[in-house]
Structure formats: structure tokens, C-alpha cells
1. For the chain, take the longest principal axis of its alpha carbons; what is the angle in degrees between that and the long axis of helix 2-25, to the nearest 10 within 0 to 90?
2. With each label point set 7 Å from Cα along the Cα-Cβ vector, what nm distance links Thr70 and Thr193?
3. For Asn368 and Ser162, calculate 0.36 nm times their separation in residues minus their Cα-Cα distance, and state this gained length in nm to one decimal.
4. With both partners inside the chain, how many of the DSSP beta bridges are antiparallel, as a percent to the nearest 5?
5. Is the C-alpha gyration tensor of segment 353-430 telling us rounded, prolate or oblate? Criteria: a/c under 1.5 is rounded; beyond that, a/b larger than b/c is prolate, otherwise oblate.
6. Quick check: Cα centre of segment 132-199 to Cα centre of segment 355-422, how many Å?
7. Using the charge dipole of the chain (Lys, Arg: +1 at Cβ; Asp, Glu: -1 at Cβ; taken about the Cα centre), state which of Asn283, Thr165, Ala108 has its Cα farthest towards the positive end.
8. Could you tell me which of Met122, Leu222, Ser150 has its Cα farthest along the dipole of the chain towards the positive end, charges placed at Cβ (Lys, Arg +1; Asp, Glu -1), taken about the Cα centre?
Amino acid sequence: MKSTVFRYSLITTLFFAIFSCNNDDDTVPPQSEAQFTASATEVAIGETIQFTNTSENATAFAWSFGDGTTSNQVAPTKSYDTSNRFLVSLVSTGAGGSTISSMEITVAPASSFSVEDEDALMAGIPVQFTNESIGATSFSWDFGDADNSSSDQENPTFIYDSEGTYTVSLTATTSFGSNTSTREITVAMAPETPADLFYIDMGDDFLRSLVLDGSGTTTDVLDLVGRVGVGLAYDATNEKLYFSDFDTPPFGNIWRMDLDGSNLTNIASNINDPYGITIDHTNGKIYWVDNDGNVSRANLDGSSPEIGVLNVPGAEWRDISLDVENDKMYIIDASINDRLYVADLDGSNGQDLITGLFGYGVAVDTQNDKLYYDDQLAGELKVANLDGTNIQTIDTNGTRIYGIIIDNEAGKLYWSGRDSGELIRANLDGTDREVLKDGLGSPRGIALIK
């Protein structure tokens, strides 16, 4: 009985053992499941994408990035160098076989730019932008100014009208997308362009300009041989220079020209020794004085001349200056009459203002109601009130002064020294005197152009 039970037990055990072995041999390995994520599916050229492998039941991996490059890493990174749309695939392989998963990546161009001389940008001076984008086919710039100025040029220049901080953006585009880069730039105030002091040098018959930057640089503007004189005036409205010419008396002339000496035009002729000239900007007139005691005027183009609107017999006028607001002209005499004369602009109500002097230059400071003039009897440059009172000395050099210019904006006074061969500048009270140019032959009329 015990033997029979033992045999049945052994058979049962063997059955279960065999059955169990048969089940182990028939087990199918689990199927791999390829799957992954990307840190971004829309990127720009050069931007790195991190792929995260979330496959299951896999031990080997094969990546294809759609641009001909591959990887066997578990979780690779990738960047693209062209703009396009790419199909990224992952084949995951395990004991149960292989599966594939795919994802589309869109790559836009990379936008980038630089700014030439970025640390020295100034208003009024062109800023050069250099496009350093990659893979783009078109561009759109926004310069960040108040007018929302833009450009579609690849490497544009742009002028900022005022100082400030501006945000500039560049959008680079292809058919696969766009990418925008921005840059903040700071534009400083532009330095003032140095003024020019134009002057007639009778020593060598030239009209020249002196740039007022401290360099002493002069430029020949016009050869005056055959038409030299002493009067010089600037029409700021029309940017024209006028000068007098007494080179062939009694056939003197008044000439007009552009600032570079071009378009020289004779606007008045047959004048006996024309000297000082001045512009009435308000009424569009030019005035001149001559050696016959005449003050004459005409339109700025020489039309409608009025010869001798004021005539004082025996006077030898040398210069004239206008106070248009108060309807006055001031004329200085170099004859034996020794006077500075005043009259209304139409020549009426003429009278001696200051006597006991003769000179060559006069200028009205209409903002401060002052009159500057050359007093050769004293050998001084002087200033007085417009009624001739409160006379004070500005300079005691003694040189004959044919040109006097007042710059109220800067609070400066300019004059020429015929005998000293100098161009001089000082404060309106004569302080801080400086010689701008010396060694000149015979400087006469001057004109300040800012």
C-alpha cells in the first residue's frame, strides 16, 4: 500500500515538473515599444534639442534625425544647420523585436546681428547694422524709433535723429518659419559740427574759410583776383555768401555765391568803391555802402535796386549794420567827419550818433542793445549802448577792423585785424580773448557760418 502511494506521488510530481518545463519553453518575450519626447519641436538653426527616450522593453536604439545624421545613444541631443522640416525616427529593439516611433521637427533660420562701433553711436550719424543670420531668405528690421522705422535690406544703415536707448529687432524668415533677435543700443548726442569763419584775405586775393575746431585749418573757397573787396555777408536762409568788389573803380560790384564758391553771380555793378554789406533777412534785402556817401539796397537777387536810399555828401562809408526790429541802420565813416551815423532803414531821420572817431567796422547786438565799432582815432574796439552812451573798450590792439560778427548763441564776438593779420574771438565783454588764426596777409570782411 505504501509502495502504491509512493508511485502515484512520484508520477504526479513528474507530471507537474514536465508541465512546468513545457510552459517555460512556450513564453513569448514582451514587445519593445519605441517612444520619445523632444525638448522642442520648433527650433532655430543651431539651437540644441534634447531627446528623451521613453521606450519600453528595449535595449538598443537607432536614431535618424532626417538630415542624414544618426545616433545610437539612449537620449541624444541634436542641432540643425539648415532651415527645413525634418522627420526624426527612433527604432527601439529588445528581445521581443523592434518598433519605430517618429516625430516632426521644424527648424527656422537663426537671427543674429551686430552693430558697428556700438560703443560710439551718435545721433545724426549713420549706424551700420551687420546681418549675421543663418539660413534665412528674407529679413525685416525694426529700428525702435518713434516713427517705427523699418527695412528689408540685408545690412541696412539707419540714422537716429536724437539721443536715447533703442531696441532694434531683426526677424529672419524662410518658408519653414521665422526667428527674431533683439539688441538694445544707446545713441549719444551728436557733437556739434564746428562752425566756419569765412574771411576775405586781401593779402593774396582769396576768400577762405577757417574751421573753428582749434586745428587752424583753412580752405580756399574762391580766388578773388580781379574782384577783391572788403565786405562779406551771409544769408543763412538761402545759404548764400555775398561780397563786395572794388578792384576796378569806379566799376565796383556786389557778388553772390554758394558756400563752396560755385554759382558766382553779379547782382550789382558800377558802384564807386563798395565797402561794407549786410543782409536784412526779414525783408529779403541786401544793403551796401560806398565811397560816395551812399547807402543802397536791393532784393537779394539784385533786383529792384535803390541807389542812395541814404546819401550824406562828403561821407566815406566803410561798414553798415542793421537793427531791423527798431528800423535803424548804423554806418561808420572814415572821412574827416569822424563819426558813427544812425538813420531809419529808409534813409530818413539821419544823424550823428558818436563823433570824434573814424573806423572800418560796426555791428549791432540786437539782443543786448549794444553797438560794437572800430575807433581808429583811439586804436580800439569799443562797445556802446544803441543811443551812443556808456562807451567801453573791448580791445586795444590798434589794428584796423573791417569785420565784426556777434554770436549771441555762444556769447562770442569775432573780428578781423587788418594790420595784425589775425582773426580774433572773445566774450562779448572782451574777456577770454583768443587768436583763432594769425599770419594772414590782410584779413577784411568775415562771416560766421554754423
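Values quoted throughout were computed directly from the atomic coordinates according to the rules given, and no laboratory measurement underlies them. Since we're looking at a predicted model, the values are computed, not measured. Note that each Cβ is placed from the backbone with ideal geometry, even for glycine, and that neighbours are counted across all protein chains shown.
1. Around 30 degrees separate the two axes.
2. 6.7 nm
3. Contour length minus the Cα-Cα distance gives 71.0 nm.
4. Percentage antiparallel, nearest 5: 95.
5. It is oblate, given that a/c is not under 1.5 and a/b is not larger than b/c.
6. 50 Å
7. Working it through, the farthest residue towards the positive pole turns out to be Ala108.
8. Ser150
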